[in-house]
Protein chains: 2
Amino acid sequence: MFGGIETGGTKTVCAVGGDGVVQERVQFPTGTDPAALVDLCAQFFANRELAAVGLGTFGPCDPDPDSPSYGRILTTPKPGWSGVDLLGLLAARIAAPIPMTTDVTAAALGEQRYGAGVGVEDLVYITIGTGVGGGAMVQGRLVHGAQHPEMGHVLMPWTGPRGVCPYHGNCFEGLAAGPAMAAREGRPGTEIDDDDPAWDTETMIVAAGLHAITCILSPRRIIVGGGVGSREALHRRLPARLQDSLAGYLPVPDVVAPALGSDAGVIGAITLAQDHSQG
Amino acid sequence: MFGGIETGGTKTVCAVGGDGVVQERVQFPTGTDPAALVDLCAQFFANRELAAVGLGTFGPCDPDPDSPSYGRILTTPKPGWSGVDLLGLLAARIAAPIPMTTDVTAAALGEQRYGAGVGVEDLVYITIGTGVGGGAMVQGRLVHGAQHPEMGHVLMPWTGPRGVCPYHGNCFEGLAAGPAMAAREGRPGTEIDDDDPAWDTETMIVAAGLHAITCILSPRRIIVGGGVGSREALHRRLPARLQDSLAGYLPVPDVVAPALGSDAGVIGAITLAQDHSQG
């Protein structure tokens, strides 16, 4: 048995299982008190025999074991979380190795091993919801690099009203995330019908983000999920729009919806634990 | 001893050596007759004992050994080269294994092992010259993916006159390559002094390209070379401009000039051969 923790921007999921199966799961608000959250996680894992517990966390975080800030949440506007040694807090309470990555990279791993990416070693998982984030695998390995990808912050070709990202304005997240769509359309995406032309604009922006990812990483498949990203309205428009954007110069990756739904991250975290234990 | 072949857009270099050292090298125009070029390469390698010969070629090409078009040049406007089985032609004349990658990925490998990227396992090599191309390494491994990266074709945030790429207009290559700069400024970059504000514009575009690469791959270092990309005028402006663009949200990768100059590609090709032989 292996454990998995997915600390997301709003909710945290703890689960146990293995081989892509979740046997038991609990969920808490991530909240603004890391020690309290870690306490809830520790209670869930107490008295279980676990070979390892994988962690997939919101970022920015430091997943580099060779770095002095390994396991910490880095500077974030999220109240209570800036600089928190999340891995250290967990390790003090959980008597098992805790390999870690980002939440979206864990989701990429989960989908790659047990979901919409089975058999595909080079893929990207993108979530478009309250923010935009992406995780990547190259030859079946997680991509971290200097810190970790922040795919939501690629600058977009866009000449309309300025996007909502406080750092970059017109980046992928600043134009395509739920709040950006709501600001542009004057109502949230949940209130926008699949046939509304607002989805043509949204699809154009998402296609530009996927265009950048395709040029730089050449993934075979891109899994697009999240509250906005899972919408049928987007998925039925996206492949043709991405093909138009790439203009025949590059092979068009498959664009698919997640198969594991909201469990992708925690299944990925469990998989990380299982891979860690099994070398 | 190992061999290396770099087939670039205009010139082809063949060399022998090992451990990052070129012992002997020849150079030919790439030309429009693949069979004639392969003949020249084969003559250079004839009567040498080589454990392997690495190939780094211009693209688009297929470097996937499991693909039916492995080793071919794909559809290209380059006269004489569309669909040519370059690897097959070489293999018919050279009695050694011929591992292959793209020219810029070979350059990334060469610089990573023996040049400006020593000790850095996650890096990108970008060349800005007659075109813009990039090669990447993740955890010390070459990134190919579905085909290979085409980093020059990321769309740019840009509201000025349309760029020169026939496929995408305002992509990185369409705005930053030598012909794009010449079209924008009315004279080639070689005639533009380092203190000319034309370099501010050029740097802004290159920074946007590097911003996209940083978000998607999170490299620790980006090596920027090529006729335009090696200019001091660019390198002295680029780090600050990239930092501004990333706006404190992401760690800024090192931006450095190549250390191997125009030999990066062929040294990378030799290294590919050496790695192949030594497992």
- Relative contact order of the stretch A:104-261: what whole-number percent is it, with Cα pairs under 8 angstrom and at least 6 residues apart? 26
- What list of ³J(HN,Hα) couplings, whole Hz, do you get for the stretch B:10-21 from phi and the Karplus terms 6.51, -1.76, 1.60, once you set θ to phi - 60° and write x for glycine and proline? 10, 10, 10, 10, 10, 8, 10, x, x, 6, x, 10
- Task: Count the net charge of all other residues whose Cβ sits under 13 Å from the Cβ of B:Asp66, scoring Lys and Arg as +1 and Asp and Glu as -1.
- Result: -3
- Query: Karplus couplings for the stretch A:259-271 from phi (6.51 cos²θ - 1.76 cosθ + 1.60, θ = phi - 60°), rounded to Hz, Gly and Pro as x?
  - Reply: 9, 9, x, 6, 8, 4, x, 6, 5, x, 5, 4, 5
- Item | Protein-protein interface of the stretch B:161-175, residues with accessible area decrease of at least 10 Å², isolated chain reference, 1.4 Å probe | B:Tyr167, B:His168
- Query: Per residue in the stretch A:197-228, which ones lose no less than 30 Å² of accessible surface when going from chain alone to all protein chains (1.4 Å probe)?
  - Reply: A:His211, A:Cys215, A:Ile216, A:Leu217, A:Ser218, A:Arg220
- Cα-based helix-to-principal-axis angle, A:103-114 vs chain A, degrees rounded to 10: 90
- Message: I need the calculated FRET efficiency for the pair B:Tyr70 and B:Thr159, taking r as the beta carbon distance and R₀ as 35 Å, to the nearest 0.05.
- Response: 0.25
- Over the stretch B:1-126, the quotient of the Cα radius of gyration and 2.2 N^0.38 Å is 1.02
- Over the stretch A:45-189, calculate the relative contact order: mean separation of alpha carbon pairs under 8 Å at least 6 apart, over the residue count, as a percent. 17
- B:Gly225's amide H: which non-local residues (gap 5+, or another chain) put their own amide H closer than 5 Å, with H modeled 1.01 Å from N in plane and none for Pro or chain starts? B:Ile126, B:Thr127, B:Ile128
- Message: Using a Gaussian network model on chain B with a 10 Å cutoff between Cα atoms, which of B:Gly227, B:Gly71, B:Gly152 fluctuates the most?
- Response: B:Gly227
- Sorted by chain and number, the residues with a modelled amide H under 5 Å from that of B:Lys11, at a separation of 5 or more or across chains, are B:Thr30
- Query: Check B:Asp64: other-chain or 5+ apart residues with amide H under 5 Å from its amide H, H built from backbone geometry?
  - Reply: B:Gly71
- Message: Using a Gaussian network model on chain B with a 10 Å cutoff between Cα atoms, which of B:Ala198, B:Ala176, B:Ala108 fluctuates the most?
- Response: B:Ala198
- Message: Using Cα springs under 10 Å in a Gaussian network model of chain B, which residue among B:Gly135, B:Gly80, B:Gly226 shows the largest mean-square fluctuation?
- Response: B:Gly80
- May I ask you to report, in nm to one decimal and beginning with the shortest, the distances from B:Pro68 to the same position in the other copies, taking label points 7 Å along Cα-to-Cβ? 5.7
- chain B: relative contact order from alpha carbon pairs under 8 Å, six or more residues apart, as a whole percent, is 23
- Query: Tell me, how many Å apart are the Cα centres for the stretch B:75-137 and for the stretch B:215-279?
  - Reply: 15
- Message: Taking θ = phi - 60°, what integer Hz values does the Karplus form 6.51 cos²θ - 1.76 cosθ + 1.60 yield along the stretch A:66-74, in sequence order, with x for Gly and Pro?
- Response: 8, 9, x, 9, 3, x, 8, 6, 8
- Taking the protein assembly as shown on its own, what percent of its Cα-Cα pair distances exceed 44 Å? 18
- Query: If Lys and Arg each add +1 and Asp and Glu each add -1, what is the summed charge of the other residues whose beta carbon sits under 15 Å from the beta carbon of A:Pro77?
  - Reply: -1
- Query: DSSP loop chymotrypsin sites (Phe, Trp or Tyr not before Pro) in the stretch B:171-279 with at most 13 other Cβ atoms within 10 Å of their Cβ, which ones?
  - Reply: none
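The values are calculated or read from the model by the stated rules, or taken from the named source; none is laboratory data. These numbers come from a predicted model, not from an experiment. Because the Cβ atoms are built from the backbone with ideal geometry, glycine has one as well, and the counts that use them run over all protein chains shown. Each accessible area value is taken on the protein alone, full model and side chains, heavy atoms only, with ligands, DNA and RNA left out. Shrake-Rupley method; radii C 1.70, N 1.55, O 1.52, S 1.80 Å.
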